[in-house]
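Here's the structure we're looking at; comments come further down.
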Amino acid sequence: MKTPSYIRKKESAMKLIARRKEEQQETTTVRVGDVIIGGPQLVVIAGPCAIESYDQLLSTALEVQRLGATMLRGGAYKPRTSPYSFRGKGVGGLEMLAQIKALTGLPVVTEVMDARDIERVGLVADMFQIGSRNMQNYTLLTEIGKTKHPVFLKRGLASTLEEWIYAAEYIMAEGNDQVVLCERGIRTFETYTRNTVDITAIPALKELTHLPVFLDPSHGTGKWSLVNPVGLAGVAAGADGLMIEVHPQPELALSDGDQSLNFKHFAEFMDRLRPVAKAVGREVL
Ligand code: PEP
Ligand code: MN
């Protein structure tokens, strides 16, 4: 079998990689609108977990943009553990996202949960998010691979690096090589945090692949007070960017309020991020 083109030559336990004979390459850059992921700029993607209302999304977008985020996130289709939880505003959320993207000029990333929604979501999204729960939805990966949109592929909640890389391969095998990997924590025996952030995954993926690597410390920790320090650790470990959940009033959020930063906390986060990014040779807007 042919070794995937994006896997680096570096030593690895994976047989597939061990067979790699090509020269090591630089990180691939993925362009989303004017934003270049994988280059010298450390990219901060911020926004609410779910799009709840026009005002909620607009106020968050303006504030995170003012503070240095260069992309907006917000879910219209939300994969929720309980079917009785808020599952997103669907098409209505996409419409709000389109309006606020036009107003702010921020490129947007939003989750697509179902292959049947790809076209509709693709009219608004500058980058498709594949969520953790869908990392091994091979139909979805294959269909996303047929599009030209960049893809933000989150790590499955109990997936190994090898499984994750193969998931990326499903997309790339269809001809779409604009894939960004996002560590978002994995299931372990620890229950204090929502997940356990695998910081090691960041440099490990940099060795194994030439794809940009992100960290999402919001889902990784599940606690807003831990987002800041863990996010900084990810940057120090070589992440190309961070995805952060921000909400105007986290205590009223319809999803993931416990892990969402309010505007004040996001401002503090950006202040602390700059010197850390600089120390590892990255710029933040
Ligand atoms: C999200 O980004 O809102 C999300 C649902 O993340 P994950 O798929 O990592 O749980
Ligand atoms: Mn969330």
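Values in this text are rule-based calculations from the coordinates and carry no lab data. Note that the structure is predicted; figures quoted are calculated from it, not measured. Backbone-built Cβ (ideal geometry, glycine too); neighbour counts: all protein chains shown.
Of the candidates ILE36, ILE100, ILE244, which one comes out as most mobile in a Gaussian network treatment of the chain with C-alpha springs shorter than 10 Å?
ILE36
Give me the compactness ratio for region 30-99, meaning the Cα radius of gyration over 2.2 N^0.38 Å. Don't jump to the answer; show the numbers that get you there.
Numbers: Rg = 13.5 Å, N = 70, 2.2 N^0.38 = 11.1 Å.
This ratio for region 30-99 stands at 1.22.
Going by alpha carbons, how many degrees (0 to 90, nearest 10) lie between the helix axis of 263-279 and the longest principal axis of the chain?
Roughly 30 degrees between the two axes.
In whole percent, what relative contact order does the chain give with Cα contacts below 8 Å and a gap of six or more residues?
On the way: 618 pairs, mean separation 56.2, N = 285.
After rounding, I find 20 percent.
State, to one decimal in nm², a quarter of the convex hull surface area for the C-alpha atoms of the chain, i.e. the direction-averaged projected area.
Details: hull surface 55.3 nm².
The number I arrive at for the chain is 13.8 nm².
Can you give the % of DSSP beta bridges in the chain that are antiparallel, to the nearest 5? Mind dumping the intermediate values first?
Working: 5 of 32 bridges.
Antiparallel bridges make up about 15 percent of those DSSP assigns within the chain.
Trypsin sites (Lys or Arg not before Pro), restricted to region 185-246: which are DSSP loop and have at most 15 other Cβ atoms within 10 Å?
Values: sites: ARG187, ARG194, LYS206, LYS223; in loops: ARG187, ARG194, LYS223.
Loop-located and lightly packed - ARG187, LYS223.
Residue by residue through region 178-184, what is 3J(HN,Hα) from phi via Karplus (6.51 cos²θ - 1.76 cosθ + 1.60, θ = phi - 60°)? Round to whole Hz and write x for glycine and proline.
Whole-Hz 3J(HN,Hα) from phi for region 178-184: 8, 10, 10, 9, 10, 6, 9.
What's the whole-number percent of alpha carbon pairs in region 70-201 lying beyond 25 angstrom? Could you put the intermediate results ahead of the total?
Details: 2292 of 8646 pairs.
Cα-Cα pairs of region 70-201 separated by over 25 Å account for 27 percent.
Given a cut-off of 30 Å, name the pairs among LYS146/LYS278; LYS89/LYS264; LYS89/LYS148; LYS101/LYS264 whose C-alpha atoms lie farther apart than that in the structure shown. Mind showing how you got there, number by number?
Values: LYS146/LYS278 37 Å; LYS89/LYS264 26 Å; LYS89/LYS148 25 Å; LYS101/LYS264 23 Å.
Cα-Cα > 30 Å for LYS146/LYS278; rest within.
Give me the dipole magnitude in Debye, nearest 20, for region 135-285 about the Cα centre, with unit charges on the beta carbon: positive for Lys and Arg, negative for Asp and Glu. Intermediate values should be presented prior to the final figure.
Numbers: 14 positive and 19 negative charges, 62 e Å.
Dipole size: approximately 300 debye.
Which of PHE128, SER159, THR147 sits farthest toward the positive end of the charge dipole of region 117-183, with +1 on the Cβ of Lys and Arg and -1 on the Cβ of Asp and Glu?
The residue sitting most towards the positive pole is PHE128.
If one takes the longest principal axis of the Cα atoms in the chain, at what angle in degrees, from 0 to 90 and to the nearest 10, does the Cα axis of helix 224-236 lie?
Relative to the chain, helix 224-236 is tipped by roughly 30 degrees.
Given H placed 1.01 Å from N in the peptide plane, which residues other than close sequence neighbours of ILE51 have an amide H under 5 Å from its amide H?
GLY75, ALA76, LYS89
What order, most packed first, do the peptides 113-120, 147-154, 159-166 have when packing is the mean number of other Cβ atoms within 10 Å of each residue?
Working: 113-120: 15.5, 147-154: 22.0, 159-166: 18.1.
Output ranking for 113-120, 147-154, 159-166: 147-154, 159-166, 113-120.
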